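Some notes on the structure that comes next.
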Amino acid sequence: MDDKDVRLLLENIRDKKISIEDGISRLQHVSYVDLGCAKLDVHRERRVGYPEVIYCPGKTMEQVKTIVQAMLATDSNILATRATEALYEEIKTICPDAAYNHLARTITVRKKEMSMPASYIAVVTAGTSDLPVAEEAAVTAEIFGNRVERITDVGVAGVHRLFDKLPAIRGAKVIVVAAGMEGALPSLVGGLVDKPVIAVPTSVGYGASFQGIAALLSMLNSCAGGVCVVNIDNGFGAGYMASMINKLR
């Protein structure tokens, strides 16, 4: 319920088109809807600019379907992360318009076009193995109303590949860099651009990478200014933050 809906509701109560009791009932759903298994924050997009996002692991298929069903009654776009294809098939039974990104493991339902700035977000990967996390970041940014330029496989083992893509990277308002192994790419990019860099450590690498901890520590210790770090494999968090930065005026 946005400002227009609230105003209309109050005017209808004033004009006796609906009863006070009916108005109270409708206002009970302004902040959140209690679904039993979850309390859906339907006020979130009005409050912070972005709707609630469904993190699928740990939830049953029925729980996710219940949440999606409730979100379909709103005008918000829907994003579910870390979703399986089997879950997607279940969601399609209640929402044929749902789309599944196999690489990112996301389910999206685009109900409206969000305002899109002229600037764009660059999502950069060190290697092909980092693509699932980077694609989660890209899908997140896109469903929130951003243009995304994907730049893949430009890691430090062949740094000339990065230099070939520098114009596109430098042209972005904010840059997401996903890297595993030693996690060096965000520092390198941070020293070549005048834009904020969001570093995403991925759980890619052999034993001593410790499922992304080595890359995480490397990124946290970056000597390049302007590099911030999200959690291991947190493409969603990087895409969300990149969207917020890209939409700053």
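In whole Å, what is the distance between the alpha-carbon centres of the stretch 37-93 and the stretch 164-180?
First find each Cα centre; the distance between them is then 30 Å.
Please order Cys95, Cys56, Cys223, Cys37 by the number of other Cβ within 10 Å, starting at the fewest.
Cys223, Cys37, Cys95, Cys56
For the chain, set up a Gaussian network in which alpha carbons nearer than 10 Å are linked by springs, and say which option among Leu79, Leu103, Leu40 fluctuates the most.
Among Leu79, Leu103, Leu40, the largest mean-square fluctuation in the Gaussian network model of the chain belongs to Leu103.
Just to be sure I understand: with springs between alpha-carbon atoms less than 10 Å apart, which residue in Asp34, Asp97, Asp22 has the highest mean-square fluctuation in the Gaussian network model of the chain?
Asp22
Could you grab the relative contact order for the stretch 61-192? Cα pairs under 8 Å, six or more apart, rounded to a whole percent.
Relative CO of the stretch 61-192 lands at 22 percent.
Count the lysine pairs in the chain whose Cα atoms sit under 27 Å apart, keeping only pairs 8 or more residues apart in sequence or on different chains.
29
Among (i) 65, 38, 29; (ii) 50, 42, 32; (iii) 70, 40, 29, which one is Cα extents along the principal axes in Å computed from these coordinates?
Step by step, Cα extents along the principal axes in Å for this structure corresponds to label (iii).
For the stretch 20-94, which chymotrypsin sites (Phe, Trp or Tyr not before Pro) are in a loop by DSSP, counting at most 16 other Cβ atoms within 10 Å?
For chymotrypsin sites (Phe, Trp or Tyr not before Pro) across the stretch 20-94 that sit outside H, G, I, E and B with at most 16 neighbouring Cβ atoms in 10 Å, the list reads Tyr32.
To make sure I understand, if each residue's beta carbon is the centre and we count other beta carbons within 10 Å, what order do Ile143, Ile18 fall in, fewest to most?
Ile18, Ile143
For Tyr88, what charge total do you get from the other residues with a beta carbon under 13 Å from its beta carbon, if Lys and Arg give +1 and Asp and Glu give -1?
0
For the stretch 149-249, take the alpha-carbon Rg, divide it by the Kirkwood Rh, and send me Rg/Rh.
Taking Rg over the Kirkwood Rh, I get 0.95.
None of the figures in this text is laboratory data; all of them are computed from the coordinates on show. Since we're looking at a predicted model, the values are computed, not measured. Cβ atoms come from the backbone with ideal geometry, glycine included; neighbour counts cover every protein chain shown.
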